[in-house]
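Single-structure report; data block below.
The values are calculated or read from the model by the stated rules, or taken from the named source; none is laboratory data. Just so we're clear, the structure is a prediction, and the values are computed from it rather than from any experiment. Every residue, glycine among them, receives a Cβ derived from its backbone with ideal geometry; neighbour counts consider all protein chains shown. Each accessible area value is taken on the protein alone, full model and side chains, heavy atoms only, with ligands, DNA and RNA left out. Shrake-Rupley method; radii C 1.70, N 1.55, O 1.52, S 1.80 Å.
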Amino acid sequence: MPSAQVQLAGFLAKFPPEVRRTAKAALAAMRRHMPGAVEHVYRTYALVVGFGPNERPSDALFSVVLYPRHVTLCFLQGALLEDPEKRLTGSGNQVRHIRLVPDVSVLDEPAVRALIAQAIATSDVPLNPKQRRKIVIRSMSAKQRPRRPRSK
């Protein structure tokens, strides 16, 4: 069986080039923000890469979610964050998100960097930056939607 890293690369390859580029940049950015994180990969209606301090998916702080036309960074406890510049969208009880379109440079904005830092700092389970990064393939749906946008 291929390594988790090779499997993740294969999942990413199924997306259109612009989505794949954005996703790779977002994953690289989140790896810089969360050194030592465990990455939880789910391939269902979308490709989801969650970032958490350990192998418990319920402790994850963020998810990079790939859809056929865009990529989103989800803050899994985003409703609890102070967001004075209103960068987070969504109205659920927990999750808020930022759409990373047309590119991932939004992650370099001071307000967004502050939100990421706040989410990490207020986590119930601390991140160990000296821990080795790990990718865990969690769930693969047998029935999947197309990864490329349908033609109009």
Q: Give the residues of the stretch 13-27 that are open to solvent by 10 Å² or more (accessible area, probe 1.4 Å) and under 16 Å from the mean Cα position of the chain (by Cα), sorted by residue number.
A: Arg20, Arg21, Thr22, Lys24, Ala25
Q: Scan the strands (runs of 3 or more DSSP E) fully inside the stretch 38-138 and keep the ones with 3 or more residues being touching a Phe, Trp or Tyr at 6+ places or on another chain (Cβ under 6 Å) and touching a residue at least 12 places away in the same chain (Cβ under 8 Å).
A: 47-52
(Q) Pro35 - would you say it is out of contact with any strand residue (DSSP E or B) (no Cβ under 6 Å at 6 or more places or on another chain), surrounded by fewer than 17 Cβ atoms within 10 Å (Cβ to Cβ), in contact (Cβ under 8 Å) with a residue 12 or more places away in the chain and not in a helix (DSSP H, G or I)? (A) yes
Q | Among residues of the stretch 74-103, those that are over 25 Å from Pro16 (Cα atoms), out of contact with any Lys or Arg (no Cβ under 8 Å at 6 or more places or on another chain), surrounded by 15 or more Cβ atoms within 10 Å (Cβ to Cβ) and of a type outside the set (D, E, K, R), counted | A | 3
